[in-house]
Amino acid sequence: MKKIVLILVVFFQGLLAHSQYAVDTSYTVKSTYAKLIKKYPFITIAAAKEHTNVEQKKEIVYHQEQNRVLHLDAFINKKSKLNPAVIMIHGGGWRSGNKNHMWLLGQEIASKGYSCFAIEYRLSLEAKYPQAVYDVKDAIKFIKDNAKKFNVDPNKIAVLGCSSGGQMAALIGTTNEDPAFEDASNKSKSTSKVEAIINIDGVLAFKHPESSEGDMAAFWLGGTSQEKPEIWKNASALSHTGKSTPPVLFINSSIDRFHAGRDDMIKILNENKIYSEVKTIKDSPHSFWFFEPWYTETVVYTTQFLDTIFK
């Protein structure tokens, strides 16, 4: 009975928290499909497959403060007790989207021998930069703290993100153990260090000749590049890339602006003899990872890279 009461309390706390801030629901798989289908009439929305070797655990609380509760969804390969982990960050311009967007990738990659985690984080209508980065780093610490429960090897962690989530994944990986990017209130003894980055069509530099970031970035970063130049620089993974950056996989659409700063980052990685790969999906739009034939291609590139780094 006590367990039931506790579950109800957490549930209603979540409802209360969600009622206290606006939610932008404009970025969905269906709305994106409606925009793309005229130009790409051959696409289909990627469908989930049944994987008997994957256990799913939904709505796990990884962080709570006052009335705000943050959750993650886990997709765990059951065959091994020591899987590399993949932290998955959804896109949506730092303003929209939700962790459900990462379910298909999570299920599929987990079936290949991994434990995958779709992370809820605070979006820009609720909290400005760098809160979302703190949230994901807190989730990484939580997963390490509960590594046995999730069949995770805490020394083999990759962070993967799509679009704005890709930007965040790169920033999280390039700021490994940097105190300035850690939630000071988190008392976990684990670190948020990751051993690999997978950036799926996310910018590496906000202010860059290849970049055309505008209102969405300015809203998240608390001002325009003219108003907040140091924050725009600080939020760019390129600014932090160096000898401690882990291996990186870039999976890109054919739209150049979504990999602004990538080639400059690769130059630094090469100078430091850090492994990287670039996979450009020919004639693809942004958000390609939601749709076939590109979804399967994305899974193949991702698992091949993960296997190279961890297996």
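To the nearest 20 Debye, how big is the dipole of the chain about its Cα centre, given +1 on the beta carbon of each Lys and Arg and -1 on that of each Asp and Glu? It would help to have the intermediate numbers written out before the result.
On the way: 38 positive and 33 negative charges, 176 e Å.
Magnitude of the dipole: close to 840 debye.
Which percentage, to the nearest 5, of the DSSP beta bridges contained in region 18-131 is antiparallel? Present the calculation step by step, with values, prior to reporting the outcome.
Working: 14 of 19 bridges.
Within region 18-131, antiparallel bridges account for around 75 percent of the total.
Arrange the peptides 167-174, 186-193, 86-93 so that the one whose residues have, on average, the most other Cβ atoms within 10 Å appears first. Display every interim value, and only then the final one.
Values: 167-174: 28.1, 186-193: 15.1, 86-93: 26.0.
Put in order of decreasing packing, that is 167-174, 86-93, 186-193.
Which value, in Å to one decimal place, does the Kirkwood hydrodynamic radius take for region 180-228 when every pair of different Cα atoms is included? Could you put the intermediate results ahead of the total?
On the way: mean 1/r = 0.0720 Å⁻¹.
About 13.9 Å, per the Kirkwood formula over Cα pairs.
Hey, with R₀ at 22 Å, roughly what FRET efficiency would Lys148 and Glu177 work out to, going by the Cβ-Cβ distance, to 0.05? Please list the in-between numbers first.
Details: r = 23 Å, r/R0 = 1.03.
That gives a FRET efficiency of 0.45.
Would you mind computing, in nm to one decimal, how far apart the modelled labels at Glu50 and Glu277 are, each placed 7 Å from Cα along Cα→Cβ?
Roughly 3.1 nm, to one decimal.
What is the dipole size for region 158-285, taken about its Cα centre, with +1 at each Lys and Arg Cβ and -1 at each Asp and Glu Cβ, in debye to the nearest 20? Please report the intermediate quantities before stating the final value.
Working: 13 positive and 17 negative charges, 60 e Å.
Value, rounded to 20: 280 debye.
When the accessible area of the chain is split by element with a 1.4 Å probe, what percent falls to carbon and sulfur? Please report the intermediate quantities before stating the final value.
Values: 7710 of 14110 Å².
Answer for the chain: carbon and sulfur cover 55 percent of the accessible area.
How large is the Kirkwood hydrodynamic radius of the chain, counting all unique pairs of alpha carbons, in Å? Don't skip to the end; give the middle numbers.
On the way: mean 1/r = 0.0511 Å⁻¹.
Answer for the chain: a Kirkwood hydrodynamic radius of 19.6 Å.
Provide the packing ranking of 294-302, 95-103, i.e. peptides ordered by the mean count of other C-beta atoms within 10 Å per residue, highest first.
Numbers: 294-302: 18.9, 95-103: 21.2.
Packing proxy ranking, top to bottom: 95-103, 294-302.
Determine the per residue accessible area of the chain with all protein chains present and a 1.4 angstrom probe, expressed in square angstrom.
Details: 14110 Å² over 311 residues.
Averaged over the residues of the chain, the accessible area is 45 Å².
Which is farthest toward the positive dipole end of the chain among Tyr295, Leu269, Tyr27, measuring Cα position about the Cα centre, with Cβ charges +1 (Lys, Arg) and -1 (Asp, Glu)?
Selected residue: Tyr295.
Show me the ranking of peptides 23-30, 282-289 by mean Cβ neighbours inside 10 Å, starting with the highest.
Values: 23-30: 13.4, 282-289: 19.4.
By packing density, highest mean first, the sequence is 282-289, 23-30.
Along the charge dipole of region 209-249, Cβ charges K/R +1 and D/E -1, which of Ala218, Ala235, Pro246 sits furthest on the positive end?
The one lying farthest along the dipole's positive direction is Pro246.
The values are calculated or read from the model by the stated rules, or taken from the named source; none is laboratory data. Bear in mind that the values here come from a model prediction, so they are computed numbers and not experimental data. Because the Cβ atoms are built from the backbone with ideal geometry, glycine has one as well, and the counts that use them run over all protein chains shown. Heads up: the accessible areas ignore ligands, DNA and RNA and are worked out on the full protein's heavy atoms, side chains in. Shrake-Rupley method; radii C 1.70, N 1.55, O 1.52, S 1.80 Å.
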